[in-house]
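These notes concern the structure reproduced below.
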Amino acid sequence: MNNSDNSVIRIENLSKYYGSFHAIKDVSLDVHKGETHVICGPSGSGKSTMLFCINGIEKYQSGHVYFNGDLMTPKNIRHMRTKIGMVFQHFELFPHLTALQNVTIAPIKIQKRDREEAEDNARSLFKKVGLENRMDHFPYQLSGGQKQRIAILRALAMDPDIVLFDEPTSALDPEMVKDVLYVMKDLSTSGMTMIVVTHELGFAKEVASHITFFEDGQIVETKSPDEFFRGNGSERTKIFLNNIINV
Ligand code: ADP
Ligand code: MG
């Protein structure tokens with residue numbers, strides 16, 4: 001594919017079934033370099049599944065995903081996904097490794113980077129988010145907010161072209177949410193390309209370039225934050241927004 005428009009991820013007519021259940025229905029989405037796409041929508045609508053299709057955790061039955069203009073295939077996905085960061089709702093840190101080891105394991109084992117260089121790089125990442133005194137802690141010694149920031153560093157340590165976030169703050173105590181959002185905002189304004197599944201509307205308002213409302217395996221609409229919050233969207237989006245603002 002010609003990639004003159006700087007697309008990092010392009011999804012074309014993606015369909016995914018779990019058995020006979022149609023989880024993703026003919027979804028297309030374009031994410032360009034430097035954009036932050038926020039995806040929201042009801043639980044069970046297929047948001048996680050879509051992220052999992054992008055980074056090869058789940059297979060799909062039809063449609064195409066392009067990464068930096070190249071079609072993803074079963075053959076090249078292993079290589080491509082090393083440049084696609086993923087941050088999960090429940091952190092998924094390796095429990096038997098220290099924070100530092102969690103961040104350096106993939107650069108050392110997968111990218112074959114020199115241990116010292118990987119550790120130096122990790123150290124500067126920890127410093128940036130104020131966790132340099134937590135590098136030798138194991139996950140069980142860390143708070144949820146610290147674990148999630150370390151999970152973000154783990155994604156960044158691979159020098160990714162895009163980071164996918166799947167409800168990164170929804171398992172956190174309220175007072176920890178802002179620390180994680182702060183790191184994500186900083187990442188977005190520094191130019192990282194991101195897809196963020198979240199219902200943190202303040203974050204969406206501040207840094208999203210696009211907000212997509214997802215329902216029943218389909219994209220209902222994609223809007224700029226201005227249009228989205230002005231209530232120019234569909235009736236369905238308005239009802240959803242009212243529900244989450246009034247909880
Ligand atoms: P969301 O992230 O928007 O809450 P998911 O992508 O997790 O939604 O799920 C979309 C739909 O697919 C849901 O109905 C869910 O029950 C179903 N689903 C998710 N994972 C599986 C699976 N491994 N097997 C069968 N059905 C699944
Ligand atoms: Mg989900």
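The values are calculated or read from the model by the stated rules, or taken from the named source; none is laboratory data. Quick caveat: nothing in here was measured; it's all calculated off a predicted structure. Ideal geometry is used to build each Cβ from the backbone, glycine not excepted, and the neighbour counts take in all protein chains shown.
Laid out as a table, the results:
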item	result
Any hit, the range 152-170, residues being assigned to a strand (DSSP E or B), closer than 30 Å to residue 45 by Cβ and touching a Leu at 6+ places or on another chain (Cβ under 6 Å)	yes
Residue selected from the range 137-183 under the condition in contact (Cβ under 8 Å) with a residue 60 or more places away in the chain and over 19 Å from residue 56 (Cβ atoms), by the criterion farthest from the chain's Cα centre (by Cα)	171
Filter result (of a type outside the set (D, E, K, R), within 13 Å of ligand 1 (Cβ to nearest atom) and touching a residue at least 24 places away in the same chain (Cβ under 8 Å)) within the range 47-56	48, 49, 50, 51, 53, 54
Qualifying residue in the range 84-93 (condition: crowded, with 20+ Cβ neighbours inside 10 Å, more than 23 Å from residue 129 (Cβ to Cβ) and among the aliphatic types (A, V, I, L, M))	no
Matching residues in the range 11-63 - criterion: being closer than 17 Å to residue 195 by Cα, away from ligand 2 (no atom under 16 Å from the Cβ) and among the small types (Gly, Ala, Ser)	28, 34, 56
Every pair of residues 6+ apart whose Cβ atoms lie under 7 Å, when the first sits in the range 83-100 and is under 21 Å from residue 167 (Cβ atoms) and assigned to a loop (DSSP other than H, G, I, E, B) while the second is modelled with pLDDT of 95 or more and among the charged types (D, E, K, R)	88/166; 89/166; 89/167; 91/147; 93/147
Qualifying residue in the range 45-65 (condition: surrounded by fewer than 20 Cβ atoms within 10 Å (Cβ to Cβ), more than 24 Å from residue 22 (Cα to Cα) and in contact with a helix residue (DSSP H, G or I) (Cβ under 6 Å, 6 or more places away or on another chain))	no
